[in-house]
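The values are calculated or read from the model by the stated rules, or taken from the named source; none is laboratory data. Everything numeric here is computed off the predicted structure, so don't read it as measured data. Counting neighbours? That spans all protein chains shown, and the Cβs are built from the backbone with ideal geometry, glycine included.
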């Protein structure tokens, strides 16, 4: 157990990280992610408010849809990365990172001029993620429910005679669902999953799974000093929107290239990269690692890191193999810069 954003959470369970990894990539496993926060935006201006407060296009959402999105400050820095659910025409539920609940809630309150209600519901809900190629089959068999919702959509149904929201989302790159309900219902759902041999999984394997997919972690790969273009998140920024907070700064980065760029690399020699390790090319320090892990599938170290502007521009003009070095415990270890994701043949769109 380790402290994380005010919670004690399992780094791993008794079977160990490798078995947890196999359960997610080959079968099915479950994470308790109840530390995540929930903020509700409601009222006649809720959609217009979120269209201004986030980078993605809220107007493209329909009732029952989910959307990955970013909240940015006036300078284009990322306040948080979130998932939005459109509950009704005037009600949206936002899943925020545990460490950013108060920050995001206060930021929303600082945006004036809208007829909305903002509620922090983080103490009212718990959340489970069930992930893996057999996750849909497991949910249907265990809870006797229909579960045909498409990627980034949600349904509401009754489990144990209580309403639950089940979204087809996750942080692993595999087919999966996230289940939101009151605390007691989520506890019953978790216990039922364990009785049916669903493997419990901890924070450590979750980190490996998300790095393999190049899913950013707030506080490591993104923060308030990093804009979406630097992090490779242009795909969740709609610069065609009339206006939104941070648009001017983000547009400037997009046109003129950011000062640094997030890249993926895999180790060519033995070694596991970790956060803040230095990246070198031709004996020159050119960047730093933000996330690193040992890939169970690739059986080698992999990581994410930022490279300086001249370096990443010159690298991507060169079609040959792109190599660098990572300084690991005062030893220079060779690595190769690669395109994401690190692995393929995952079940995300099954």
Please go through the stretch 300-331 and give me each residue that is in a strand (DSSP E or B), surrounded by fewer than 15 Cβ atoms within 10 Å (Cβ to Cβ) and either without any contact (Cβ under 8 Å) to a residue 40 or more places away in the chain or touching a strand residue (DSSP E or B) at 6+ places or on another chain (Cβ under 7 Å) (or both), ordered by number. 323
Return the residues of the stretch 61-103 that are over 15 Å from residue 231 (Cβ atoms) and surrounded by fewer than 17 Cβ atoms within 10 Å (Cβ to Cβ); say none if nothing qualifies. 62, 63, 64, 65, 74, 88, 89, 90, 91, 99, 102, 103
Does the stretch 175-198 contain any residue that is over 21 Å from residue 304 (Cα atoms), touching a residue at least 40 places away in the same chain (Cβ under 8 Å), assigned to a loop (DSSP other than H, G, I, E, B) and touching a strand residue (DSSP E or B) at 6+ places or on another chain (Cβ under 7 Å)? yes
Looking only at residues that are in a loop (DSSP other than H, G, I, E, B) and closer than 18 Å to residue 127 by Cβ in the stretch 1-12, which one is modelled with the highest pLDDT? 10
Collect the residues in the stretch 50-60 that are in a loop (DSSP other than H, G, I, E, B) and crowded, with 19+ Cβ neighbours inside 10 Å, keeping them in residue-number order. 55, 56
Output for the stretch 54-71, where each listed residue is touching a strand residue (DSSP E or B) at 6+ places or on another chain (Cβ under 6 Å) and over 18 Å from residue 215 (Cα atoms): 54, 61, 63, 64, 65
Quick check on my filter: what residues within the stretch 227-246 are part of a helix (DSSP H, G or I) and either without any contact (Cβ under 8 Å) to a residue 24 or more places away in the chain or in contact with a helix residue (DSSP H, G or I) (Cβ under 9 Å, 6 or more places away or on another chain) (or both)? 234, 235
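Yes/no per residue for (1) assigned to a helix (DSSP H, G or I); (2) within 22 Å of residue 180 (Cα to Cα); (3) free of Cβ contacts under 8 Å to residues at least 12 places away in the same chain:
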residue: 31; (1), (2), (3): no, yes, no
residue: 41; (1), (2), (3): no, yes, no
residue: 48; (1), (2), (3): yes, no, no
residue: 66; (1), (2), (3): no, yes, no
residue: 69; (1), (2), (3): no, yes, no
residue: 76; (1), (2), (3): no, no, no
residue: 86; (1), (2), (3): no, yes, no
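Looking only at residues in the stretch 203-226 that are assigned to a loop (DSSP other than H, G, I, E, B) and out of contact with any strand residue (DSSP E or B) (no Cβ under 7 Å at 6 or more places or on another chain), which one is farthest from residue 30 (Cα to Cα)?
By that ranking, first place goes to 225.
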